[in-house]
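Data first, discussion second: the structure below is written as structure tokens.
The values are calculated or read from the model by the stated rules, or taken from the named source; none is laboratory data. All figures in this text were calculated on a predicted structure; none of them were measured in a lab. All Cβ positions, even for glycine, are placed from backbone atoms using ideal geometry, and neighbour counts span all protein chains on display. To get the accessible areas, we keep the full protein, side chains included, count just its heavy atoms, and leave off ligands, DNA and RNA. Shrake-Rupley method; radii C 1.70, N 1.55, O 1.52, S 1.80 Å.
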Amino acid sequence: MLPHMTTATRADAQSRVDDILSFRRELARVEAEGALRLDDGPRAALQRHHDTLLAALHAGFDVDRDTRAKQLSLGMRIASLVGALALAASVFFLFHNFWGEFSTPAQVATLLAFALGSFGLTAWLGRVDASGYFTKLAAMVAFACFVLDIAMLGQIFDITPSDKALLAWAAYAFVLAYTWELRLLLVAGIACLVAFISARTGTWGGLYWLDFGQHPENFFPAAIAIFLVPRVVDQSRFPGFAATWRVLGMLTLFLPMLVLANWGDASYLAVDRQLVEGLYQVLGFAGTAALTWWGTRRDWKDVTNTGVTLFLIFLYTKFFDWWWDWMPKYVFFLVLGLVAVLLLVVFRRLRGVLA
Amino acid sequence: MNWNRGTATVAGLALLVLTNAVALGGAAWNRSGEPDSRLQLSERELSVPWSAWSPPGGENSGLSLRLDWRCNPAATTGARRAAYYDQGSPGWLDSRKMTELGFDMGRTALAPGFRRPHEVREVWLVLELDGPAYRTWQAAAAAEAASAAAAEAAKPPPHVAAHVELPHGGSRLFAVDTGLDRAALRVRYADRAMYAVVRAKVGRLRDTEDVVDGGRIESLSIDEVNVPLALRPAFAAVQPGARGDGRSRFVATVAFGQRAEPWLVDARALPAAAGAR
């Protein structure tokens, strides 16, 4: 069977390549240890099959065939991320530089042409760019063009600002992300969705929609919804997407909680400020610890790692709050170090229990 | 539905076209028919904000004008009510009015140590151009100028000119009323060349200003008007913060449409000698 019939995505292809390379290394070790010796016939047949697979996967998905290629790929990923953000900013400033010299119809036509053209470019690159790096660049520019399009139409025609624009931007980012497997666009889409849900929550609480950040609790419904998306919508065809939803859901839940744990005035709860702060400190510690445990049980590394990181941030923030002013600095950092050691011991025991 | 690249391309294009159609359709509807109001403004009501201004050769080639408005403040009842917070806090925006707008103005339910966050709501606001509110302000300013001059004259020499705003300066656009029902406000303020009903953000006076219960107009929801290329020559001489000798260098007609969104209908430059006050 041809490799492209058994692999649907670039991640699947890379995983198969990694398995082949691992198999070859282990086979060499086993033969060197004298545990097994393949005859020349089967060895040559296996070698040919794997070579054919590797060539086909490389041609179809531009996968990395060795460690050096992987290192270069990491560099390319970083370059494409930085390039995507820079190009998006460039489009924004380019339009601002010249838009005042256009008539209104020309401004509208230019905005629409930018949006449609960048989408067309992304679709074309998606077909010809097996690596996906250039598609990511084009997709980010397409998203920036769409954001610019709607924002500038608002400015040109003095349209009342509306949170509905966030929903349109989120939908567009999701189309780009799920079509060309772009996690950067998924993050952009989730950010827009979080802003929209939080704005609506703030509106139901009586706030003007742009002021939703005044009450960090407005983020909570969005956080729960975001975290639960991978349980409702199957993400298995999109590597890393489920983890992205979960991690962003956790950040959307616990970072506002961290703010409330230190600034109770921002809460909707009309009770004493210190009570609010205490409540959110407890919720922060309990929530991050529970999610760390749950992530370990479900084998979700992303949830475990994010949970541990957030737990430490909650912990160290409180340490700073309690002790920074009166404790000698060497004692303060010694305490932080000892707490880290204690956590290592706890995690080692936990690992032993779960193994 | 099976999600593939063909479907995605159609979905992406549909989203682009639909969103643009909604935005442009809304703008077209706002400008359709007879405008809800049409005000003839001068440089006193339309200024170039620093945020929207770029020097020649700068990186923002667009131009927007800020709608400058003000209000007659409540009677000063203490030092904390002076200056900054008076600017957006009219006397008529009292506790009763704020309750009508949906604000909880009660204080008894607050727990000790609880400090209520600043709450802002979007409501309808009536702006009056060159009307009774402006006359009231002129009378008050003239009385204050006279009082200051008299106080100065009573002092031993040397005399120093009183620093009070002259009655002919500043915007003639005054916030005079607010409500949740746009149609009812329009019935009450029927003159469409004098009154515009616009969206604005209103909040309670912050908890540190407990001296007077009431509200504050934070800002207009749309506080800038875009200048299209065809009308740019009328504003060639205008720069942010520069008002020359107080005479306007242009007159401009701003209309407010079906959705209360403004746009610049017409503008023309005035010769320096003929500038309107």
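Using a Förster distance of 22 angstrom, determine the FRET efficiency expected from the C-beta separation of A:Met327 and A:Trp263, and round it to 0.05. Provide the component values of the computation, followed by the final result.
Working: r = 23 Å, r/R0 = 1.04.
Once the sixth-power term is evaluated, E becomes 0.45.
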**Q.** Förster radius 41 Å - calculated FRET efficiency between A:Val282 and A:Asp234 (Cβ-Cβ, nearest 0.05)
**A.** 0.70
Q.
Taking all protein chains in place and a 1.4 Å probe, what share, in percent, of the accessible surface of the protein assembly as shown do carbon and sulfur account for?
A. 64
Q) How big is Rg to Rh over the range A:265-342, alpha-carbon atoms, Rh as the Kirkwood inverse-mean-distance radius? A) 1.06
Q) Of the listed peptides B:59-66, A:282-289, what is their order by residue-averaged count of other C-beta atoms within 10 Å, with the highest listed first? A) B:59-66, A:282-289
Q.
Largest first and in whole Å, what are the equivalent-ellipsoid semi-axes of the range A:1-140 based on the Cα gyration tensor, each being the root of 5 times an eigenvalue?
A. 48, 16, 7
Q. Put a dot 7 Å past each Cα toward the Cβ at A:Arg297 and A:Leu336; how far apart are the dots in nm?
A. 3.3
Q.
What distance in nm separates the two pseudo spin-label positions at A:Asp40 and A:Ser103, each 7 Å out from Cα along the beta-carbon direction?
A. 8.2
(Q) Counting only other chains, and only Cβ atoms inside 10 Å, what mean value do you get across the residues of B:23-31? (A) 4
Q: Please average, across the residues of A:96-105, the number of beta carbons from any other chain that are within 10 Å of each residue's own beta carbon, and give a whole number.
A: 5
(Q) Using a probe radius of 1.4 Å on heavy atoms only, what accessible surface per residue do you get for the protein assembly as shown? Whole Å² is fine. (A) 50
Q) Over chain A, what is the relative contact order in whole percent, taking alpha-carbon pairs under 8 Å and six or more residues apart? A) 9
(Q) Stokes-Einstein diffusion coefficient for chain A at 4 °C in a medium of 1.567 mPa s, Rh from the Kirkwood formula over Cα pairs: what value in µm²/s? (A) 53
Q: Jot down the radius of gyration and Dmax of the protein assembly as shown, Cα atoms only, both in angstrom.
A: 31.8, 119
Q. What accessible area, summed over both chains, is buried at the B-A interface (1.4 Å probe, Å², nearest 100)?
A. 4000
Q.
Let me check something: with ligands and nucleic acids excluded, how do A:Ile224, A:Ile156, B:Ile222 order by accessible area (1.4 Å probe), largest to smallest?
A. A:Ile224, B:Ile222, A:Ile156
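List the DSSP H helices in chain A whose Cα atoms stretch 27 Å or more along the helix axis and whose mean Kyte-Doolittle hydropathy is at least 1.6.
What comes out of the filter, once short or polar helices are dropped, is A:133-156, A:329-354.
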